[in-house]
1. When only residues in region 189-216 that are more than 16 Å from the ligand (Cβ to nearest atom) and of a type in the set (A, V, I, L, M, F, W, C) count, which is nearest to residue 281 (Cα to Cα)?
2. Yes or no: region 209-226 includes at least one residue that is under 21 Å from residue 187 (Cβ atoms) and out of contact with any strand residue (DSSP E or B) (no Cβ under 9 Å at 6 or more places or on another chain).
3. Applying the selection to region 258-308, what residues are more than 14 Å from the ligand (Cβ to nearest atom), in contact with a Ser or Thr (Cβ under 8 Å, 6 or more places away or on another chain) and open to solvent by 40 Å² or more (accessible area, probe 1.4 Å)?
4. Tell me which residues, restricted to region 234-257, are closer than 24 Å to residue 108 by Cβ and open to solvent by 30 Å² or more (accessible area, probe 1.4 Å).
5. Got at least one residue in region 230-246 being part of a strand (DSSP E or B), aliphatic (A, V, I, L, M) and either touching a helix residue (DSSP H, G or I) at 6+ places or on another chain (Cβ under 6 Å) or over 24 Å from residue 185 (Cα atoms) (or both)?
6. Test residue 198 against the stated conditions and say whether it is of a type in the set (Phe, Trp, Tyr) and at positive phi.
7. From the list 121, 111, which residue is touching a Leu at 6+ places or on another chain (Cβ under 8 Å) and over 18 Å from residue 164 (Cβ atoms)?
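The values are calculated or read from the model by the stated rules, or taken from the named source; none is laboratory data. What you see is a predicted model; the values in this text were computed from it and never measured. Heads up, the Cβs are rebuilt from the backbone with ideal geometry, glycines too, and the neighbour counts pull from every protein chain shown. These area figures cover heavy atoms from the full protein model, side chains too; ligands, DNA and RNA do not enter into them. Shrake-Rupley method; radii C 1.70, N 1.55, O 1.52, S 1.80 Å.
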Amino acid sequence: MFHRFLISLALALSSSIVACAQGDFIRPGEIWPDDRGQHIQAHGGGIIRLDSTYYWFGEDRSRDLDPQKRYVACYSSIDLTHWKFRNRVLQLADPENFGPRWILERPKVFYCQPTKKYVMYMHIDGPSPGRRSGYDLARVGLAVCDTVDGDYQYLRSFRPLGNQSRDLGQFIDDDGAAYLISEDRPNGFHIYRLAEDYLSIDRDTCLVPAHLEGGAIVHFGGLYYTIGSELTSWNPNPNKYATAARLEGPWSDFKDIAPPDTKTYGSQSTMLLKVVGTKHEAVLFLADIWKPQTQWDSRYLWMPLEIGAGKLQLPKPQPWSIDVETGEVTIKDSDRGGEK
Ligand code: GAL
């Protein structure tokens, strides 16, 4: 009996060593297991950092879900590589009679220091009355919670300053100001500054007249960089970037972030995450590789960007690792079988 216990202990230890060694890299495009061994469900997601913990929120598209409801999941990590499932923070049945084909996508959570509330913005959509499907409503939804990973309470939906709003992105500037990036089909995309309690829009900081979605922004080396994807639904396209000295613009022309024939290596942007370490500032491109027929299996493409002096490039996806203390990134060089 004791012998059998020793054997299973040895097996458990050796498999956890293997899992750990494999798990120290972020592997673009592969299944990404959480602490339960289940593929992370945080599609179209966003990340906030509180103290030294990162929280990743996104669409939970697990297979076993109630088709009437829409779900947002939350995970936490201290190293951006190993993620612990925290909660299905939103499990929402149609809250405003949007209709059976209603849509909830791209949730983004902000922490509002003055009110100590966690505020979730989400893309709410669905067909207009009489239509069977479509993204006609073009609204923003709001939900709040007292804790980061508690059960969020849905509040309401609206059109920001009366404008259509589909894909949402989030940006928190170095001074803590919070912005919502919102695609507005007739006009381009807006960078909206949130009001002090984050429950409404304070002002339209900039309307960028480029028809891009999956919007993301980062402030790096004294410049703002924005990324967006073209409007091709679930199909990948060449994502583009522009720069500006101020969020208000003027923004430069948009250029490809990767060789256009790769279509952003099959992915679509959702966020830019800056990791300020003791030795290096890394900017991470966070994107989705959508599988529209099997959404639960949609993958993630996270890669450190080559960025600076107004230029930005997404390198060819390869396994990589990051030390969040120092900000140093190691990319596994698969061509040479080593690391660089
Ligand atoms: C994409 C968008 C996704 C989803 C999809 C539906 O362009 O980024 O979040 O809305 O279209 O077709």
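1. Within region 189-216, the match that is nearest to residue 281 (Cα to Cα) is 191.
2. No, region 209-226 has no match at all.
3. 278, 279, 280, 296
4. Selection gives 234, 235, 236, 240, 246, 248, 251, 254.
5. no
6. Yes.
7. Exactly one of 121, 111 is touching a Leu at 6+ places or on another chain (Cβ under 8 Å) and over 18 Å from residue 164 (Cβ atoms), namely 111.
Quick grid of which residues meet (1) β-branched (Val, Ile, Thr); (2) part of a strand (DSSP E or B); (3) over 21 Å from residue 217 (Cα atoms):
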{"residue": "97", "(1), (2), (3)": "no, no, yes"}
{"residue": "104", "(1), (2), (3)": "no, yes, yes"}
{"residue": "122", "(1), (2), (3)": "no, yes, no"}
{"residue": "130", "(1), (2), (3)": "no, no, yes"}
{"residue": "136", "(1), (2), (3)": "no, no, yes"}
{"residue": "154", "(1), (2), (3)": "no, yes, yes"}
{"residue": "164", "(1), (2), (3)": "no, no, no"}
{"residue": "169", "(1), (2), (3)": "no, yes, no"}
